[in-house]
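Let me begin by presenting the structure, written as structure tokens, before commenting on it.
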Amino acid sequence: MPGAMVLRSLLLTRARSPRHAAAVLAELPVYQIALWPDGWALGDDGAVSVHDTHAMAEARRWFALAGRNAQGRTHRPLCDVELHRAMRMHGVFVPRPVVDMAGRRFVSEQVASVAMQLVAGDWIGERRRALMSTPERALAERALAWTGSRHAGPLLPDTALQLLSQALADCIGEGLLPTADYRLRARADDGFGIRSCRCCIEADGDPDRLAQVRDALSTALIPWNRVVIRDGTAAPLITLQVRARCAASDGRHVG
């Protein structure tokens, strides 16, 4: 984790009173408020990479749905005001220009903040005031999030399997796990906005051995994984299930 991010994490965890927490929020740069709580990664070189938040991904779905509904329909499609009102009712409104920032990389925090301010300044002001109305809860939510330094966007099942296979090979090579017949499977899960992958590892062994496999692989994947916030809870983009191997099961064999 970059040094600047470590410093920010310490500041957040030290916010022990509503007044202190509000002061921390008031000093955060504009881009962090716009992408709250987990939509950015700050590199060692000071560059800011923009990731989807759960709200951004859900807002993108709404915009796409509105676009489809506007085509080939005889009745009047929702205008922008009506669409925004409906999105706010469901708690997923993010301005389209902010949603379109996903995947962008800015050379500095200042540049990122200026870009966000230009496209959604009024909304960001509203968002900061909303966060400061319950500052301790807002900072506690942000503290749940983390981004692996090697995370590189949405995962597909094939790339998740490659990543998991390499992590498993590394664990075996380091003597953390025994050489054995491991069977790996992965499937995409994008039912909640941001695409994630559910991975299943089957192996021989008792519950303690299976727990060892799960702990070793979960740790090995941290540099590539990412935790996003969904409704106030932390959700890793790569989830692991480890279970006893079945003779008839299929999947990629490693070991």
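The values are calculated or read from the model by the stated rules, or taken from the named source; none is laboratory data. Small disclaimer: the values here were computed from a predicted structure and weren't measured. No Cβ is skipped: glycine too gets one built from the backbone with ideal geometry, and neighbour counts run over all protein chains shown.
Within the range 195-216, how many residues are among the charged types (D, E, K, R), within 15 Å of the chain's Cα centre (by Cα) and part of a strand (DSSP E or B)?
Residues in the range 195-216 being among the charged types (D, E, K, R), within 15 Å of the chain's Cα centre (by Cα) and part of a strand (DSSP E or B): 1 in total.
Just one of Arg129, Arg150, Arg195, Arg185 is of a type outside the set (Gly, Ala, Ser) and within 18 Å of Gly91 (Cβ to Cβ); which is it?
Arg129
For a quick check of your reading: which helices (runs of 4 or more DSSP H) sit entirely within the range 93-149 and have at least 2 residues that are within 15 Å of Tyr31 (Cβ to Cβ) and touching a residue at least 60 places away in the same chain (Cβ under 8 Å)?
109-133
Just to be sure I understand, how many residues within the range 82-92 are in a helix (DSSP H, G or I) and modelled with pLDDT of 75 or more?
Count: 2.
Considering only residues of the range 229-248 that are modelled with pLDDT under 85 and surrounded by 14 or more Cβ atoms within 10 Å (Cβ to Cβ), which is nearest to Ala145 (Cα to Cα)?
Arg230
Residues of the range 173-194 being out of contact with any helix residue (DSSP H, G or I) (no Cβ under 7 Å at 6 or more places or on another chain), farther than 24 Å from Pro37 by Cβ and in a strand (DSSP E or B), which ones?
Result: Arg183, Arg185.
So Thr219 passes all but one of these: (1) at pLDDT below 85; (2) outside any strand (DSSP E or B). Which condition number does it fail?
Only one criterion in (1) at pLDDT below 85; (2) outside any strand (DSSP E or B) is unmet by Thr219, namely (1).
Do you know which residues across the range 39-57 are surrounded by fewer than 22 Cβ atoms within 10 Å (Cβ to Cβ) and among the acidic types (Asp, Glu)?
Those that are surrounded by fewer than 22 Cβ atoms within 10 Å (Cβ to Cβ) and among the acidic types (Asp, Glu): Asp44, Asp45.
Taking the range 24-67, which residues are in a loop (DSSP other than H, G, I, E, B) and charged (D, E, K, R)?
Selection gives Asp38, Asp44, Asp45, Asp52.
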